[in-house]
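Take a look at the structure below.
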Amino acid sequence: MVKIAPSLLAADFLRLEKEIRLIEKSGSEILHLDVMDGHFVPNLTFGFPIIKQIREFTNLKIDVHLMVTNPEIYIDNLSKIGVDYISIHQETVFHLHRLISKIKENNCKAGVALNPATPVETIFPIINDLDFVLLMSVNPGFGGQTFLSLVYEKIRILKLKRKELCIEIDGGVTDLNAKKLIAAGAEILVSGSYIFSGNDYSAKVGSLR
Ligand code: DX5
Ligand code: ZN
């Protein structure tokens, strides 16, 4: 069963409370939070205080996508806040296995995020240690970009290697590609601008399923 994870980046930040309640009502399972540091990606978003307030406000699963150059300094605080999923970018870490172990020791689901240009084979040695893999279907940093269909082949290769691996797709996900992504084996679909661009979030979420 696919899980839908609206990306808060595309929400109206002046009415965040209302936006999150609408996401809860839309039938989504997960709230995707993009943490950007202005170094790994050329953009800034939000940090601990806002994530903590969101955690206290909603029962949705919280999925933190760390687009930062030093993910290791965020793990303890995020687990204290009580987020559910944490993904770190393979491109930012020297000791990926160590950090994945640390996330799991902190009782969060641990994932590796891969940029479009990063081959999936780079995570093969630790594939059995991962709770999920986040495949970027746009270059990280911004919402509203065009979906890159190179992810289909990446899903295929990952599924051949480990059939039960949970795969999350992030970037440019809409009703035009969701069906094919699910058929290919994607289990979590992140979607920002597509969901938040209308008034009826439930209808958008339904169309992705
Ligand atoms: C991009 C972020 C995505 C983004 C998705 O760097 O990781 O989560 O918010 O937004 P859309 O669905 O608009 O591409
Ligand atoms: Zn993301």
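Quick notes on this one:
- Scanning the range 121-139 for residues that are within 17 Å of the chain's Cα centre (by Cα) and aromatic (Phe, Trp, Tyr) turns up just one, Phe132.
- Subset of the range 19-48 (residues that are charged (D, E, K, R) and in a strand (DSSP E or B)): Asp34, Asp37
- Of the residues making up the range 151-198, those that are outside any helix (DSSP H, G or I) and farther than 21 Å from Asn139 by Cβ are Arg162, Lys163, Glu164, Leu165, Cys166, Asp175, Gly185, Glu187, Gly198.
- Inspection of the range 199-208 finds a residue satisfying the criterion of being within 16 Å of ligand 2 (Cβ to nearest atom), part of a helix (DSSP H, G or I), touching a Leu at 6+ places or on another chain (Cβ under 7 Å) and of a type outside the set (Asp, Glu).
- As a summary of the residue check, Leu130 satisfies the conditions (1) touching a Leu at 6+ places or on another chain (Cβ under 8 Å); (2) within 14 Å of ligand 2 (Cβ to nearest atom); (3) closer than 27 Å to Glu153 by Cβ except for the one numbered (2).
- A single entry from Val64, Val35 fulfils the requirement of being of a type outside the set (Lys, Arg), within 12 Å of ligand 1 (Cβ to nearest atom) and in contact with a helix residue (DSSP H, G or I) (Cβ under 7 Å, 6 or more places away or on another chain): Val64.
- Within the range 5-30, residues that are in contact (Cβ under 8 Å) with a residue 12 or more places away in the chain and surrounded by fewer than 13 Cβ atoms within 10 Å (Cβ to Cβ) reach partners that are among the aliphatic types (A, V, I, L, M) and assigned to a strand (DSSP E or B) with beta carbons closer than 9 Å, at six or more positions or on different chains, in the pairs Gly27/Ile4.
- Screening the range 42-61 for residues that are among the polar types (S, T, N, Q) and within 16 Å of ligand 1 (Cβ to nearest atom) and picking the one that is farthest from Leu189 (Cα to Cα) gives Asn43.
- Of all residues in the range 55-83, exactly one satisfies the criterion of being closer than 22 Å to Ile20 by Cα, acidic (Asp, Glu) and surrounded by fewer than 17 Cβ atoms within 10 Å (Cβ to Cβ), namely Glu56.
Any read-out appearing in this document is the output of simple, stated calculations on the displayed coordinates, not a laboratory observation. As the structure is a prediction and not an experimental result, all values here were calculated from the model. Positions of Cβ are backbone-derived with ideal geometry, glycine not excepted, and every protein chain shown enters the neighbour counts.
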